[in-house]
Amino acid sequence: MLVNWLKRIGTYLLVLLGLSILVFIIGRVIPGDPARQALGPRAPEEVVQALRVEMHLDKPYVTQYVLWLKGALKLDLGKSLMTRRPVIEDVKEFLPATLEIVSISALLMAVGGILLGILSTKYSDSWLDGIIRVISYLGIVSPAFVWAIIFMLVFGYNLPIFPTTGRIGLTITAPPTVTGMYTIDYLLNGDIVGFKDALAHLVLPSIALMLGGLAQAARITRSSMTENSTKDYILAEQAYGIPERKILFNYLLKPSLIPTVSVLSLDMASLFGSAFLVEQLFNFPGLSRYGMQAMLNKDLNAISAVVMILGIVFIIVNIFIDIVVAYLDPRVRLMGGGN
Amino acid sequence: MNNKHEKIVPKRDKYENIKKAWYKFSLNRMSVVGLVIVCIVIILAVFQPIIAPYPEHVGAYVNFKDASIAPNSTYWMGTDVFGRDIMSRIFYAFRGALIMGVGVLAVVVPIGGILGLIAGYWKDKWISTAIMRITDVFLALPPLILALCVCAILRPTLFNSMMAVCVSWWPWYTRLVYGMATTLRNELYVKSAELLGASKGHIIFREILPNCLGPIFTKMTLDMGWVILTGASLSFVGLGEQPPIPALGTMVSDGAKFLPAQWWIAIFPALAIMVVVLGFNLMGDGVKDMLSSEE
């Protein structure tokens with residue numbers, strides 16, 4: 001079993017290596033000279049040439065890649081053309097915000113989706129089930145940016161209970177940096193007013209982000225629970241007279257969650273994708289907004305860094321999901337890994 | 001007489017299969033609703049110049065006299081800041097959306113499918129490992145981010161955004177077909193074809209592929225919606241069809257600047273995106289019912 005886990009982690013490292021090659025290739029397809037682009041059309045040729053040498057653009061591609069990878073392993077990701085700072089500094093500043101928003105989204109998505117799915121199964125074919133199914137269709141078909149706009153329209157102007165821009169209000173000072181996640185930093189600092197404000201700023205963007213995944217999770221939980229509920233072991237339990245409630249939560253739910261969890265792992269990754277648009281709309285200074293701006297400005301170093309970080313996050317999420325599935329599914333646990 | 005050995009064949013309805021398929025499809029009324037939505041969208045897109053009330057408003061048309069008019073009997077969905085009819089522009093934007101969906105699927109399904117077949121048939125060979133590891137790398141990024149990455153470095157056009165989505169979409173088909181092919185290659189009929197000395201091409205394309213088609217078609221119908229959604233997200237950040245040609249995402253992001261007073265500029269295109277994706281989604285469920293072998 002340990003061997004299996006090691007094998008899996010090895011595969012993930014391989015994926016990461018492949019991703020770095022992919023990112024490098026995408027970066028080199030950029031039309032035009034990155035050094036020229038960085039300095040603008042009016043910079044003298046010698047300066048551009050000097051930057052080319054500094055960025056190793058004069059060397060063959062393979063050498064460039066190896067040098068870039070070596071740097072990346074030492075957390076030296078080069079300089080951002082946008083902010084004129086080392087990319088790693090930008091990442092340190094912006095990553096916690098995105099992690100904060102995405103983890104709250106993921107939590108709401110998982111808990112909410114599964115709860116709605118259970119409700120939908122328990123009261124199947126009633127009006128509640130009907131409403132949940134309509135909501136989940138709406139959630140699935142509308143992109144996060146549409147929700148973001150609707151929320152901004154409703155809450156920003158008609159019903160101003162939640163703030164729609166930034167991470168904290170104008171009158172509030174940022175907490176001393178410990179984790180970089182404002183809510184946690186405020187709590188560590190014992191600042192309840194700040195905590196409430198930071199949390200309020202997270203509400204709308206995180207809900208806009210997660211509605212699609214929530215709907216998907218609810219739908220899958222419902223269909224998998226409905227499918228399992230006709231299985232023999234449930235019938236046997238019903239025949240023994242075990243209360244429906246107990247059957248539902250103790251015996252039906254656990255195996256039915258396996259497909260939900262695998263779908264959630266994909267949805268968690270796509271939260272980061274949607275965050276690219278949603279952070280931009282809510283003017284939320286996170287890594288995704290930074291990445292979006294890097295892409296629009298063709299800032300190579302920043303793009304590569306953001307993509308690699310998202311790859312690492314994806315892998316961490318996957319390992320976590322693997323553990324959850326192993327917990328839920330005795331076949332995977334006992335055989336040590338499944339496929 | 002030659003008729004001596006004439007077989008008695010029960011009279012069969014020529015359209016029996018189609019009727020059966022339709023029956024299965026229409027069992028769920030929502031699938032029919034989806035089909036109707038999709039058909040309407042296609043008709044609106046194709047016959048936009050005839051149907052749209054102001055077909056000339058799709059281009060660089062300016063009429064400040066009628067700028068930012070709320071929905072009324074002349075302009076059913078209102079006008080934008082340049083005085084262009086939003087409904088006519090949405091109909092035209094459906095074209096781009098459908099071209100995007102069809103174009104992307106036409107590229108990624110064959111590529112992804114063939115790679116999946118190869119990897120599935122020669123499982124345990126190096127080629128399979130190589131293909132699947134590369135697939136894993138592409139799957140490690142959410143499709144939208146990979147598409148944004150590729151799109152951002154190319155010049156923003158509809159064609160380039162289609163290419164960008166293709167880059168991020170093929171691995172899903174590879175994985176789908178790979179999963180099926182690895183099971184199907186052990187089926188008896190495949191083994192017998194091998195014993196009979198059938199060529200690899202015959203086995204892969206005539207024995208294995210036809211049995212993968214059902215799930216592929218189902219996924220394609222659903223993916224039409226998702227590809228259009230991804231395309232809308234790309235054009236939302238300005239990486240798609242360039243103005244003045246209307247694209248759904250661009251219309252939403254342009255309109256968002258005029259919220260909340262001129263809400264119709266953003267909300268109607270946003271609704272249009274939802275309706276298209278909903279149509280393909282509902283239809284996809286129907287296709288799934290239709291192609292599944294369970295009675």
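The values are calculated or read from the model by the stated rules, or taken from the named source; none is laboratory data. What you are looking at is a predicted structure, and each value in this text was computed from that prediction instead of being measured. Note that we place each Cβ from the backbone using ideal geometry, even for glycine, and neighbour counts take in every protein chain shown.
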Using the structure shown, decide if B:V252 is of a type in the set (V, I, T), closer than 26 Å to B:F159 by Cβ and without any contact (Cβ under 8 Å) to a residue 24 or more places away in the chain. yes
Any idea which of (1) under 25 Å from the mean Cα position of the chain (by Cα); (2) of a type outside the set (D, E); (3) surrounded by fewer than 18 Cβ atoms within 10 Å (Cβ to Cβ) is the one B:V287 doesn't satisfy? (3)
Looking only at residues that are of a type outside the set (A, V, I, L, M) and in contact with a Pro (Cβ under 7 Å, 6 or more places away or on another chain) in the range A:162-189, which one is surrounded by the most Cβ atoms within 10 Å (Cβ to Cβ)? A:Y182
Could we say that B:V237 is more than 24 Å from B:G116 (Cβ to Cβ) and at pLDDT below 90 here? yes
I'm trying to understand the selection: among the residues of the range A:136-158, which are modelled with pLDDT under 80 and of a type outside the set (G, A, S)? A:Y157, A:N158
So which residues in the range B:257-278 are in contact (Cβ under 8 Å) with a residue 40 or more places away in the chain, under 19 Å from B:S233 (Cβ atoms) and of a type in the set (A, V, I, L, M, F, W, C), if there are any at all? B:I265, B:F268, B:A272, B:I273, B:V275, B:V276, B:V277, B:L278
Across the range B:115-158, what is the total count of residues that are of a type in the set (S, T, N, Q), over 24 Å from B:A193 (Cβ atoms) and over 21 Å from the mean Cα position of the chain (by Cα)? 1
As an exercise: evaluate A:M225 against (1) surrounded by fewer than 22 Cβ atoms within 10 Å (Cβ to Cβ); (2) more than 30 Å from A:F151 (Cα to Cα) and give the number of the one condition it does not meet. (1)
Of these, B:Y75, B:Y173, which one is surrounded by 21 or more Cβ atoms within 10 Å (Cβ to Cβ), more than 21 Å from B:G231 (Cβ to Cβ), hydroxyl-bearing (S, T, Y) and more than 14 Å from chain A (Cβ to nearest Cβ)? B:Y75
Determine which member of the set A:L116, A:L108, A:L99 is under 25 Å from the mean Cα position of the chain (by Cα), assigned to a helix (DSSP H, G or I) and more than 30 Å from A:I312 (Cβ to Cβ). A:L116
Which residue out of B:G231, B:G249, B:G225 is crowded, with 24+ Cβ neighbours inside 10 Å and more than 16 Å from the chain's Cα centre (by Cα)? B:G249
Give the residue that is surrounded by the most Cβ atoms within 10 Å (Cβ to Cβ), with candidates limited to residues of the range A:126-158 that are over 23 Å from B:S233 (Cα atoms) and away from chain B (no Cβ under 11 Å). A:I132
Name the residues in the range A:22-60 that are within 14 Å of chain B (Cβ to nearest Cβ), touching a helix residue (DSSP H, G or I) at 6+ places or on another chain (Cβ under 7 Å) and assigned to a helix (DSSP H, G or I), would you? A:L22, A:V23, A:F24, A:I26, A:G27, A:R28, A:V29, A:P34
Under 6 Å between Cβ atoms, at least 6 apart or on separate chains: pull out the pairs that start in the range B:114-142 with a residue that is acidic (D, E) and end on any residue that is assigned to a helix (DSSP H, G or I). B:D136/A:V15
Within the range A:269-281, considering residues that are more than 18 Å from B:F138 (Cα to Cα) and either out of contact with any Gly (no Cβ under 8 Å at 6 or more places or on another chain) or surrounded by fewer than 24 Cβ atoms within 10 Å (Cβ to Cβ) (or both), the one farthest from the other protein chains (Cβ to nearest Cβ): A:V278
Go through (1) outside any helix (DSSP H, G or I); (2) in contact (Cβ under 8 Å) with a residue 40 or more places away in the chain; (3) away from chain A (no Cβ under 14 Å) and name the single condition B:N186 misses. (2)
Residues located in the range A:105-135, provided they are modelled with pLDDT of 90 or more, out of contact with any Lys or Arg (no Cβ under 9 Å at 6 or more places or on another chain) and not hydrophobic (A, V, I, L, M, F, W, C): A:S105, A:G112
Meets criteria (at pLDDT 90 or above, out of contact with any Cys (no Cβ under 6 Å at 6 or more places or on another chain) and surrounded by 23 or more Cβ atoms within 10 Å (Cβ to Cβ)) for A:L214: yes
State all residues of the range A:185-233 that are hydroxyl-bearing (S, T, Y) and in contact (Cβ under 8 Å) with a residue 24 or more places away in the chain; if no residue qualifies, say none. A:S206, A:T221, A:S224, A:T226, A:S229
Looking only at the range B:246-295, how many residues end up being charged (D, E, K, R), away from chain A (no Cβ under 11 Å) and part of a helix (DSSP H, G or I)? 3
